[in-house]
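Please read the structure below before turning to the comments.
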Amino acid sequence: MRIRVSGKDIDIGEALQAHVSSGLTESTGKYAGRPTDGTVTFSRDGFGFACEIFVHLSTGLTAQANGQAAEIYAAFEQARERMAKQLRRHKRRLKDHHRDRAEPVDTSPASSFVLAPFSEDEDDAPEGEASLDGDQGPTIIAEMETKVPSLTVGEAVMQMELSHAPVLVFRNEKGGAINVVYRREDGNIGWIDPRIESGSPAVQG
């Protein structure tokens with residue numbers, strides 16, 4: 001498993017890198033089967049430290065976990081424990097997914113935008129920034145490249161849970177339409193499936 005450890009304005013020593021590599025390899029190897037690579041990033045969090053872990057699994061899915069603590073080692077351990085809990089929870093489903101999927105998860109390139117909220121005073125709007133639809137749309141603060149995975153609905157829900165995301169956009173392998181799964185306020189999962197043939201979208205969950 002390839003693991004990259006880095007810090008945002010923090011010097012990462014060899015001892016911490018070795019601790020992270022051995023600890024993360026142990027956790028993911030026990031629950032996830034064959035993880036391919038992972039990234040661990042440390043940053044300052046007030047008077048303490050924050051740790052963010054991404055692990056790419058051999059199933060094609062990605063798990064994410066975060067930790068915050070006064071000490072940098074404790075921040076990593078908290079994130080590692082949360083990662084292990086997620087993988088333990090989905091262990092059987094990950095095995096089934098790996099067994100059932102003959103080909104790797106396919107992805108499509110897409111653009112991701114960060115938009116400024118509408119301002120009550122137009123004079124407060126930033127100048128010289130692009131907007132989605134001229135003067136009428138919100139200002140684009142940043143533009144990034146992202147990928148839209150091709151998944152089944154069950155895989156999409158599992159990916160959303162593994163990454164602790166509130167919403168996931170994916171291409172439904174059954175039909176090829178762009179779908180969305182999201183967390184509802186009542187604790188259930190919502191699923192939006194645009195049914196092009198009927199002329200109206202379907203919202204489930």
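For the range 57-69, the criterion of a residue being β-branched (Val, Ile, Thr) and farther than 22 Å from Ala156 by Cβ is satisfied by no position. Within the range 1-29, residues that are assigned by TED's automatic domain parsing to the domain that holds Met83 and under 15 Å from Gln64 (Cα atoms) sit with their Cβ atoms under 6 Å from residues that are crowded, with 16+ Cβ neighbours inside 10 Å and among the charged types (D, E, K, R), at 6+ positions apart or across chains, in these pairs: Ser27/Arg80.
If you go through the range 144-180 and keep only what is polar (S, T, N, Q) and surrounded by fewer than 14 Cβ atoms within 10 Å (Cβ to Cβ), you end up with just Thr146.
Checked against (1) modelled with pLDDT under 85; (2) in the same structural domain as Glu14 (by TED's automatic domain parsing); (3) small (Gly, Ala, Ser), Ala50 passes all but condition (1). In the range 12-41, of all residues being part of a loop (DSSP other than H, G, I, E, B) and at pLDDT 90 or above, the one that is surrounded by the fewest Cβ atoms within 10 Å (Cβ to Cβ) corresponds to Gly13. Residues in the range 26-56 that are of a type in the set (Val, Ile, Thr) and in contact with a Pro (Cβ under 8 Å, 6 or more places away or on another chain): Thr28, Val55.
Applying the condition of being assigned to a helix (DSSP H, G or I) and among the acidic types (Asp, Glu) to the range 57-89 and asking which residue is modelled with the lowest pLDDT yields Glu81.
Residues in the range 153-173 that are of a type in the set (S, T, N, Q) and either modelled with pLDDT under 90 or closer than 21 Å to Ala65 by Cα (or both): Gln159, Ser163.
Checked against (1) assigned to a loop (DSSP other than H, G, I, E, B); (2) under 24 Å from Ala79 (Cβ atoms); (3) of a type in the set (Lys, Arg), Lys147 meets all criteria but (1). Filter the range 46-56 down to residues that are over 20 Å from the mean Cα position of the chain (by Cα) and assigned to a strand (DSSP E or B) and give me whichever is surrounded by the fewest Cβ atoms within 10 Å (Cβ to Cβ). The extreme case among them is Gly48.
The values are calculated or read from the model by the stated rules, or taken from the named source; none is laboratory data. Every value quoted in this text rests on a predicted model; they were computed, and no experiment measured them. Heads up, the Cβs are rebuilt from the backbone with ideal geometry, glycines too, and the neighbour counts pull from every protein chain shown.
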